[in-house]
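What follows is one structure encoded as structure tokens, with my remarks underneath.
The values are calculated or read from the model by the stated rules, or taken from the named source; none is laboratory data. Just so it is clear, the model here is predicted, and its values are computed rather than measured. Note that each Cβ is placed from the backbone with ideal geometry, even for glycine, and that neighbours are counted across all protein chains shown. Just the protein is used for accessible areas: all its heavy atoms, side chains included, with ligands, DNA and RNA removed. Shrake-Rupley method; radii C 1.70, N 1.55, O 1.52, S 1.80 Å.
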Amino acid sequence: MKVQKTTQMNFKIVISFILCSSFGFAQSHKAKIDNIQKDGFYKIQITPEVLSAANDNLDYLRIQDKNKNEVPYVVCSETNGNSSLFEKLEIRSKAVIKDSISSFVINNYSSKYNGELVLEISNSKINKYYNLSGSNDQTEWFGLVANQLLSDLNNESGTAVKKLISFPLNNYKFLKLEFIDKKSLPVNLLGIGYYKGAKTEQRNIILKDFKHQISQNKREKKTIINFKSNNFQKVDGISFQIATKLYSRNAILFVNRTETVKKQTKNFRQKILNFVVKANSSNLFIFDGIFEKNFTVEIENNDNQHLTFSNIEVLQKPVYVISNLKANEKYAVIIDSTLSKPQYDLDGFIIKSKTDYLKASILNLKKVGVTQKNASEKSFWQSKVFMWICILFAVATIGYFAIGLLKDMKKE
């Protein structure tokens, strides 16, 4: 009886080991860190794709060197700056083609304004589309942004308005701004510049994976905007550019939820945000983040005509990690849902508000799993360890029956 119990216990241990080995691999995504050109502390932006893969939980994230050693990091967020010092840039040349375009060329000091420029424009009721391109010789130009809209060009407390425009980081020597004048008169551009020092506002990430569909509920006098993404995304805000004049409408943002009460499943809509879209305002709304792939905005029109939208953007607040990296070293970013929050000493030595950290990027995020191991790596079932486990299990089983048989023979 004692032998039987011992064998059963060994059997359980073997089975447990097999199961742990089979299901212990939970790494889901892997990416690489690019642009490590010198030793130092790097500020690395967490892309929306990485945050989505981590299910909005950076406890699952690890940075590894080429030897798969963990590299400490600290998570930080970008906050709004308080600086309001506007620094004008010299306009090198200006050209106007009647009923076509107005173009302005400036020197590109991207290290100063980090992919953002401020346009100072005399008040106007005109909406204006623009293009931005870059060049190294002012002869051959390459596109950066196209057909972007500037609206609400009216400052009620002054005679001019300042508008922030964003574009991809680049190393061109010159930038050319073109206003499209085919459908309206030119606007009066007073200057091009940037905010010196800290940023005046947080630069949110546009979630391009979100698509929207607009419909009208005439019976309830509402505009319904349904947003949809292929994957769950962290959503921290929404921005509307509206071409309609003189409007003020109440709006609500909903998400669909499911709850089970007494074994019955019920679907309901949870109200996330009440807000008002209004003429002569930014119509930018930031709220406590939601992790969703679908949500809905309803706008109450009452007896007014429905609004005309020039553009709608779904936004995410930027999140970064700061880490001490070495030049030309290969680093990987790992997402593993079995991990817990790391505890690094580095957290007590990082000044998160500093703005002069080196920059690096996360690239080539890929979904990985057991089937994506290197061809040289055999699976557990093909390994020598599993073979010996089987042999020992067989020996233990045979021994168990042999001992039982010998006892029966002695009794006889």
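Table for the structure above
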{"quantity": "Qualifying positions in the range 193-220 - modelled with pLDDT of 90 or more and among the basic types (Lys, Arg)", "calculated": "208, 211, 218, 219"}
{"quantity": "Extreme residue, farthest from residue 220 (Cα to Cα), among residues of the range 242-268 that are open to solvent by less than 80 Å² (accessible area, probe 1.4 Å) and β-branched (Val, Ile, Thr)", "calculated": "261"}
{"quantity": "Residue list for the range 280-291, filter: in contact with a Phe, Trp or Tyr (Cβ under 6 Å, 6 or more places away or on another chain) and open to solvent by 20 Å² or more (accessible area, probe 1.4 Å)", "calculated": "285, 291"}
{"quantity": "Residues located in the range 292-303, provided they are touching a strand residue (DSSP E or B) at 6+ places or on another chain (Cβ under 7 Å) and either open to solvent by less than 50 Å² (accessible area, probe 1.4 Å) or not in a strand (DSSP E or B) (or both)", "calculated": "292, 295, 296, 297, 298, 299, 301"}
{"quantity": "Subset tally (residues that are in a loop (DSSP other than H, G, I, E, B) and open to solvent by 40 Å² or more (accessible area, probe 1.4 Å)) for the range 327-349", "calculated": "11"}
{"quantity": "Breaking point among (1) open to solvent by 20 Å² or more (accessible area, probe 1.4 Å); (2) at pLDDT 90 or above; (3) closer than 26 Å to residue 309 by Cα, for residue 130", "calculated": "(1)"}
{"quantity": "Any hit, the range 305-321, residues being at negative phi, hydroxyl-bearing (Ser, Thr, Tyr) and surrounded by fewer than 13 Cβ atoms within 10 Å (Cβ to Cβ)", "calculated": "yes"}
{"quantity": "Test for residue 356: is it acidic (Asp, Glu), part of a helix (DSSP H, G or I) and open to solvent by 80 Å² or more (accessible area, probe 1.4 Å)", "calculated": "no"}
{"quantity": "All positions within the range 146-177 that are within 23 Å of residue 312 (Cα to Cα), small (Gly, Ala, Ser), free of Cβ contacts under 8 Å to residues at least 60 places away in the same chain and open to solvent by less than 40 Å² (accessible area, probe 1.4 Å)", "calculated": "none"}
{"quantity": "Residue within the range 1-18 that is farther than 17 Å from residue 358 by Cα and at pLDDT 50 or above present", "calculated": "no"}
{"quantity": "All positions within the range 239-261 that are among the hydrophobic types (A, V, I, L, M, F, W, C) and farther than 22 Å from residue 287 by Cβ", "calculated": "243, 246, 261"}
{"quantity": "Qualifying position, being surrounded by fewer than 12 Cβ atoms within 10 Å (Cβ to Cβ) and under 28 Å from the mean Cα position of the chain (by Cα), among 234, 271", "calculated": "271"}
{"quantity": "Residue in the range 51-78 that is modelled with the lowest pLDDT, counting only those that are surrounded by 14 or more Cβ atoms within 10 Å (Cβ to Cβ) and closer than 30 Å to residue 162 by Cβ", "calculated": "78"}
